[in-house]
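Below: one structure, written as structure tokens.
The values are calculated or read from the model by the stated rules, or taken from the named source; none is laboratory data. Quick caveat, the model's predicted, so the values are computed rather than measured. Counting neighbours? That spans all protein chains shown, and the Cβs are built from the backbone with ideal geometry, glycine included. These area figures cover heavy atoms from the full protein model, side chains too; ligands, DNA and RNA do not enter into them. Shrake-Rupley method; radii C 1.70, N 1.55, O 1.52, S 1.80 Å.
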Amino acid sequence: MKILFVCLGNICRSPLAAAIFNHKVIELKLDHVLISDSCGTGNYHIGGAADDRSIAVARKNGVVIQHVVRQLTADDLEEFDHIIAMDRNNLANIKRLPSAKENYEKVKLMREYDPQGPGDVPDPYYGTEKDFREVYDILDRSMDVLIASFQKS
Ligand code: 4NP
């Protein structure tokens with residue numbers, strides 16, 4: 001099963017989401033069945049690396065981010081089984097793609113899986129280290145619920 005995490009720039013939230021997901025999936029020995037990637041709806045940072053602040057907060061938690069920024073394509077909606085948007089703007093942009101209509105049910109918000117309740121994963125780009133820690137915590141607890149949902153299905 002292939003899971004795609006989507007944010008705006010593909011430098012802060014979605015590479016962190018994919019790295020946390022991969023870390024947990026390897027620990028559960030599910031890495032042969034649950035494959036993830038990340039991308040952005042925007043094109044600002046294509047070909048670049050993840051934000052240093054996401055790399056740092058990941059590393060502090062024993063999680064490694066290795067990612068080259070890429071932009072979401074219409075083909076992604078066909079190729080991936082689950083598309084997980086970080087916020088409602090990302091969701092709206094995903095749903096604007098030509099291939100979105102027939103793949104509508106694949107697209108979800110990350111915090112639909114947050115045990116502390118729904119909402120957006122806040123964009124930390126103009127924020128501080130504390131904002132990155134908050135994003136990490138949201139992703140960490142939401143990912144457990146997301147992965148458990150795959151184990152049930
Ligand atoms: P991300 O954060 O969507 O979590 O990667 C952002 C990164 C870059 C920009 C905005 C948000 N930007 O405007 O360049």
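Here's how it looks for ILE83: its modeled amide H is under 5 Å from those of LEU4, VAL107, LYS108, which are all 5 or more places away or on a different chain.
Only protein atoms count toward the accessible area here, which uses a 1.4 Å probe; on region 78-153, the carbon and sulfur part of that area reaches 48 percent. Please go through region 1-104 and write out the chymotrypsin sites (Phe, Trp or Tyr not before Pro) that DSSP classes as loop and that have at most 16 other C-beta atoms within 10 Å. Answer by residue number: TYR44. Note on the chain: GNM, Cα springs under 10 Å; of ARG141, ARG70, ARG111, the largest mean-square fluctuation is that of ARG141.
Between ALA49 and VAL68, the simple label model (points 7 Å from Cα in the Cβ direction) yields a spacing of 1.4 nm.
When only the heavy atoms of the protein chains count and the probe is 1.4 Å, how do TYR125, TYR113 rank by accessible area, highest first? It would help to have the intermediate numbers written out before the result.
Values: TYR125 80, TYR113 35 Å².
Descending order: TYR125, TYR113.
Comparing ILE84, ILE26, ILE46, which has the greatest mean-square fluctuation in the GNM of the chain with Cα pairs linked when under 10 Å apart? The residue that fluctuates most here is ILE26. A crude spin-label estimate for the pair GLU102 and LYS130, with each label 7 Å from Cα along the Cβ direction, gives 4.9 nm.
Here the dipole of the chain is about 100 debye; that uses its Cα centre as origin and unit charges on the Cβ of Lys and Arg (positive) and Asp and Glu (negative). Structure remark: mean-square fluctuation, Gaussian network model of the chain, C-alpha springs under 10 Å; the largest value among ALA18, ALA85, ALA49 belongs to ALA49. In the chain, the DSSP-assigned H stretches of four residues or longer account for a calculated mean residue ellipticity at 222 nm of -12500 deg cm²/dmol, using -39500 (n - 2.57) per stretch and the full residue count as denominator.
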